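Taking it in order: structure first as structure tokens, then the write-up.
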Amino acid sequence: MAWGYWTIEEALKLPSEYGISSRVTSQVASYPPELQLAYLQSSIIRLWSSFALPMFINYANFGCVAIIFIVATLRHFIGQWVTGKLPAPVQRVQTAIVKHLYLSSLFGKKTSQPVSFIGAKGALGRWTSVQIPTRLHGIFITILVTFNVLMVFYQPTVYPNLTYIAVGYSRSQYFRVAADRCAYLAFGLTPLAIALAGRNNILTAMTGASYSTIQIYHRWVSRMCFMHGFVHTVCWLLMEGWSNQLPTMFKRAYWNWGFVAIFGGLLLFFCSQRRIRELCYELFLIGHVTGALLWVVGCYYHALLRRETELLRWIYAAVGFWASDHLFRWVRIVVLNMPALFRTSRSTKPKTGAFAAEGYLVGEGSFIRLRLVPSVRWPAGMGGPGTYVFVRSADWKVTQAHPFTITWPMGMALPLESGARSSAASSSDQESDREKKSSASTHSTLDHEFDSSDLDSPAAFELLVKPYSGFTQSLSRSLANDPSAEDGTVQGVSTKRVKLLVEGPYGHSVQLEHYGSVLLVSGGSGVSANVAHLADLAKCLGKGTLAVKRVVVVWSIRDLDSIRAVIPYLNRLEPLFGSMPAGFVEFHVHYTGSAASESVDVEKSSGMVPAEEALAAIDRSFSHLGPAIRTIPTAGRPSVAAHVERLLPFASERIAVSTCGPTALCDASREAVKQSLGGGVTAHQIVYHEEAFTW
Ligand SMILES: Cc1cc2nc3c(=O)[nH]c(=O)nc-3n(C[C@H](O)[C@H](O)[C@H](O)COP(=O)(O)OP(=O)(O)OC[C@H]3O[C@@H](n4cnc5c(N)ncnc54)[C@H](O)[C@@H]3O)c2cc1C
């Protein structure tokens, strides 16, 4: 639509997009001749500024997401093959972009660790903390925020605008323009915010961006959406207040539905605060669902009763995104768990499907090991390292679904040498199976395996869970305290059936087999992601596709009990890597606990012990492993930079660094990779992946 000044005759002949409707022409006719042209100009600019412009921006928002999506998808799928073949100057530019945009925080060095935006410490610091995005995301978000804030303040040039005579110009004209435009923008951003929150997000699948990265955009789009709704509300309250119309307005249904929406928005805004999410995820979730429902329903009736029907398309789109995501979720749940849905009795002990899960508490309960057997196998290529499933209980907290990284993948044949497999594979009788396993196991009692006869079911996969205070604690309690659910005791550890429903897998697999060197960094339960990578590398070795020449695992632990959770996996992996040279996997265990404890035996101790004794205990507990996995216990925090530096001489064979752990460790790893770039090391030669346990 071109802008210009017309004579009244010209203006009346303008195309329909200029909004010169029969209503406008009849109103023009009702004005004195000297005001008719001014009224027409006012109408055109009002239509453009308050409705056509925000409508265009709403479509442009989706267009921008589509462009980012296409670029990121191309980069994801062809980038890794192309970048190594680019001419050296282009590679240098690409390395600079990766170093300064992908790996650098927008401010300071922290990206994973939240930072107080007022620089406060302690409780106030935690309540005012936000996550600082990397520069690349920061630039996109800055553009989004700047543009949306400008849209609130940008005003048309016609003052006074005669179409606002009814509300009184020029003060009300200013607020009316902002109110109208913000309403359109709030409606337009609603489906985008909901689309970005979906679990079955095509953006994640195609671009390789993690769910937590997409969440950054979800949050900022939602904040902008709420800001527009809030400005719209405040403007109308002021305008109606100035004309003493508020009591009348609160008798109108459309007006009150608007307040339902804004109340939903406020609820969403407050319940989404990081600190609330950390302290009480359930409150965050309930606030989120209720708030979103109030927002969508409120907006729908607000627009419908106000006869702004062109706005309803955004609400239909929002409901469509939400419904399709939930439909996919439930289809997955039903497909993965259906066959046994109605066989709830424990005595039936289904081999696959709903409730086909067993678990046990590791040591004093510092970890839970779970083995789940859904009724169908995932298609090849799904459920690889870096992917996760949502797990919900059929017994308690049924509404809650919690994400856990797939530690041991589906369809991963267990090595024949494993004591567990040799005991479990041949017999379907569980009692004799357990007896066999007890006697056949050649490893220490730390090598506790699952108790089921379908141990090597092709659909089985495993999770490693760190208990906290909500769902995971209930799971821990049900494994510890429910004797009726007990399935058996092997080597002093009881495994129990638990009724769990699986949903997934989500996320995208990160394949590392093509790199020459692999550095896996984790802290605490983050080791589950490292184990998943090791299992995948072992699988590739079996298939003959492994290019990796060395693997360095850097695992930071606070208590010795954690060792027990990992040893069963190393026992399985060690024979799988048997054909590799000694020390193929360097497993650095960094012990960061230090308090005194009476016991230094890993098998008996769950607490923190003095460093030297802890290191000796770690050494002892790994001593039975063959030469392919060399364990190196160290006291104190790891220096990821030092580990990266040790691998740099092998940069020409390419290095992958994958981190999953506490936020500080993620920031340290990212910084180490960033510092290694340049000076001859290109972004093609060293690649960083992060798997976060938070969003
Ligand atoms: C992609 C992903 C993969 C994960 N993989 C693992 C894993 O392999 N092993 C492991 O031990 N933990 C993993 N986690 C963390 C795990 O999901 C939480 O520890 C668990 O949900 C806590 O449940 P809770 O009710 O006991 O937590 P609470 O005691 O209520 O809270 C503990 C912490 O967990 C967070 N949390 C709670 N519920 C959720 C939820 N539904 N989604 C995301 N965060 C939540 C809270 O914000 C809080 O910071 C993963 C998280 C994500 C996002």
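The values are calculated or read from the model by the stated rules, or taken from the named source; none is laboratory data. The structure presented is a predicted model; accordingly, all values stated were derived computationally and were not measured. Please note: Cβ atoms are built from the backbone with ideal geometry, for glycine as well, and neighbour counts cover all protein chains shown. We work out accessible area using only protein heavy atoms, side chains counted, and drop any ligands, DNA or RNA first. Shrake-Rupley method; radii C 1.70, N 1.55, O 1.52, S 1.80 Å.
A few comments on the model shown:
- The strands (runs of 3 or more DSSP E) falling completely within region 488-562 that include 2 or more residues that are among the small types (Gly, Ala, Ser) map to 517-523.
- Subset tally (residues that are acidic (Asp, Glu) and open to solvent by less than 50 Å² (accessible area, probe 1.4 Å)) for region 288-310: 1
- Hits in region 242-258 - residues which are aromatic (Phe, Trp, Tyr) and crowded, with 16+ Cβ neighbours inside 10 Å: 255, 257
- Residues of region 27-75 classified as more than 14 Å from residue 163 (Cα to Cα) and either hydroxyl-bearing (Ser, Thr, Tyr) or touching a strand residue (DSSP E or B) at 6+ places or on another chain (Cβ under 8 Å) (or both), total: 2
- Verdict on residue 119 being on the phi > 0 side of the Ramachandran plot, open to solvent by 40 Å² or more (accessible area, probe 1.4 Å) and in contact (Cβ under 8 Å) with a residue 12 or more places away in the chain: no
- Out of 241, 188, 229, sole residue that is in a helix (DSSP H, G or I) and within 17 Å of residue 297 (Cβ to Cβ): 229
- Number of the exception - residue 313 against (1) within 24 Å of the chain's Cα centre (by Cα); (2) under 22 Å from residue 179 (Cα atoms); (3) open to solvent by 80 Å² or more (accessible area, probe 1.4 Å): (1)
- Scanning region 362-377 for residues that are more than 11 Å from residue 502 (Cβ to Cβ) and either open to solvent by less than 10 Å² (accessible area, probe 1.4 Å) or not acidic (Asp, Glu) (or both) yields 362, 363, 365, 366, 367, 368, 369, 371, 377.
- Residue selected from region 314-337 under the condition free of Cβ contacts under 8 Å to residues at least 40 places away in the same chain and either out of contact with any Pro (no Cβ under 9 Å at 6 or more places or on another chain) or outside any helix (DSSP H, G or I) (or both), by the criterion nearest to residue 47 (Cα to Cα): 323
- Residue identified as at pLDDT 55 or above, of a type in the set (Gly, Ala, Ser), buried (at least 20 other Cβ atoms within 10 Å of the Cβ) and not assigned by TED's automatic domain parsing to the domain that holds residue 561 among 401, 394, 380: 401
- Looking only at region 37-85, and only at residues there that are among the aliphatic types (A, V, I, L, M) and touching a residue at least 60 places away in the same chain (Cβ under 8 Å), the one that is most open to solvent (accessible area, probe 1.4 Å): 68
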